[in-house]
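Structure, as structure tokens:
The values are calculated or read from the model by the stated rules, or taken from the named source; none is laboratory data. From a predicted model like this one, the values you see are computed outputs, not experimental measurements. A quick note on method: Cβ atoms are made from the backbone with ideal geometry, for glycine too, and the neighbour counts reach across all protein chains shown.
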Amino acid sequence: MSSDLFDLLKPHLHDRSTLTNDQHTAAYLNRLHTLSLSDLTNTEPESLQHAAQSHLRNLQALSKRSHKAVISSYSHLANLASLLPGLRVESTKLHEGIPDLENAATEFAKKYDRSTENAVLDRRKKAMLLARNVDRITDVLELPTLLSSTVSSAQNAATATNVASSSTTTYASALDLHAHIKRLNTLYPQSELVGDISKQAEAEIDKLATILITSLQSPSLKLAAAMRTIGWLRRVAPDLADDISSTKSTNSDSFGVGSQKNEDGALGLLFLNCRLYSLHNTLGALEPLRELAEQETSRRQTLSSQTKSTTNGFGVQSERYLKRFIEIFREQSFAITSMYKNIFPSGLPTAEGLEVEKASQSKDLLLPLPSPLASFTLHLADLLTDTLREYLPNVTDQSARESLLTQVLYCASSLGRLGADFGMMVALLEEELATDTDLSTADGDAEKEWVQVMKKHRVQASRLEVLARGVGTTGRKASMEVDSQTS
């Protein structure tokens, strides 16, 4: 029925080519069969017109809303005809290249298989490990620089006035850094990087030890600063503290002889050498006075005894030099000896050590080693006596000579309180000076001069001792009794 109706209406249609007898057309024609004549003439045209307007508004809204997409789709659709052949060519190439890709993938998998040893994979693993730990490695590489800056800060603090407050933290930081580097070297002994860092750290620690040793040579060194410095040296250079003690214990065990333990090692010798260097530098400030005394020595050797005795003011420069020399020597020697006894109490000779020394001398003359302080005090006494032997003959004034010898006795007694009295060496010096051909006094006169100086010194020492006791009024009686006894 619908086909017949379509054939009937086909001559009246405007565009016959666009209309075909499809499903939608057949459905509309079947709907027309159901309508009455009045509906076909009255309502159906209005319905068609309303539907046409609704479709037109929808098309307008769609074109306004999606005109860009429609234009883009149209342009892509226009290019689709040229793209499809190229796509087919490229897909053909891809299809042909798949076997080569499979072969290359298989070869790559065999080459970089983790189950076998591969140098390339090892390098990549190391590179990845380095990338993950780059921050830690940077911190390790910065350790020598940090230690160097810490040592430089310690050096600057050592040259400053307030060494105690500014250098303690610096020394502690440097030692902590060095301990950390040594721990790394112990954990990773095969690492060349850690080995190089350890060598740099050892060089910086040696520099720190040099700074500490230089601070021991300071003329204004006090006991507290010296004890702190020796304490730091025990940590910075432990080999110095173990040198002598290990040698003694080895020798003693090998010969079956016990010896006095010295836990300070070579630090005592180092301390005495530094203080001796400081003493020589302090005495070196008297070089102008010594040159004048040398001139008097030259004049004394050229002049005869009678001419020298009649010359007014002969030996004044030597007296000034000796007076200043003895003052500095007395102060520095007492300070050095007292500081050593306070810092190194274990290195001092004891009664047990003397008994062991006597027992060991009967078996081996080389054991045990003497106390460094004993040899040092002998060296100080020789230094003073050599100076007196050289310049004391220039002093011809009797009162000046007695004053100098009294000053020497006070120096000997001050060291005597520390167990290093060398007063009898002055008597030997007087005997040597008495045999000098340049002196005008005889042997008996020289002995008389020495006896007088000793008597005056004992009287003055007794008076000072009485006054120090605080006897009061009875002190005068005691001093008078001392005078009567000595006279």
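Take residue 113 and decide whether it is assigned by TED's automatic domain parsing to the domain that holds residue 200 and on the phi < 0 side of the Ramachandran plot. Spell out how you get there, then give the answer.
On the way: assigned by TED's automatic domain parsing to the domain that holds residue 200: no; on the phi < 0 side of the Ramachandran plot: yes.
The answer is no for residue 113.
Going through the stretch 99-111 one residue at a time, which ones are aliphatic (A, V, I, L, M) and surrounded by fewer than 10 Cβ atoms within 10 Å (Cβ to Cβ)?
Initially, the stretch 99-111 is screened for residues aliphatic (A, V, I, L, M), giving 101, 104-105, 109.
Residue satisfying the conditions is 109 alone.
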Count of residues meeting criterion [within 27 Å of residue 192 (Cβ to Cβ), of a type outside the set (Lys, Arg) and at pLDDT 85 or above] in the stretch 122-179: 31
Answer from 92, 116, 106 - the residue that is farther than 30 Å from residue 210 by Cβ, outside any helix (DSSP H, G or I) and β-branched (Val, Ile, Thr): 116
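What residue, of 48, 59, 83, 77, is at pLDDT below 90 and loosely packed, with under 10 Cβ neighbours inside 10 Å?
On the way: 48 fails: loosely packed, with under 10 Cβ neighbours inside 10 Å; 59 fails: loosely packed, with under 10 Cβ neighbours inside 10 Å; 83 fails: loosely packed, with under 10 Cβ neighbours inside 10 Å.
Among 48, 59, 83, 77, only 77 is at pLDDT below 90 and loosely packed, with under 10 Cβ neighbours inside 10 Å.
Could you pull out the residue among 258, 265, 313 that is at pLDDT below 85, under 23 Å from residue 377 (Cβ atoms) and out of contact with any Gly (no Cβ under 8 Å at 6 or more places or on another chain)? Steps first, answer last, please.
Working: 258 fails: under 23 Å from residue 377 (Cβ atoms); 313 fails: under 23 Å from residue 377 (Cβ atoms).
One residue alone meets the criteria, 265.
Rundown of residues vs (1) modelled with pLDDT under 85; (2) surrounded by fewer than 18 Cβ atoms within 10 Å (Cβ to Cβ), yes/no style:
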{"site": "217", "(1), (2)": "no, yes"}
{"site": "222", "(1), (2)": "no, yes"}
{"site": "232", "(1), (2)": "no, no"}
{"site": "241", "(1), (2)": "yes, no"}
{"site": "252", "(1), (2)": "yes, no"}
Qualifying positions in the stretch 200-238 - within 17 Å of residue 336 (Cβ to Cβ), of a type in the set (Gly, Ala, Ser) and outside any loop (DSSP other than H, G, I, E, B): 215, 224, 225, 226
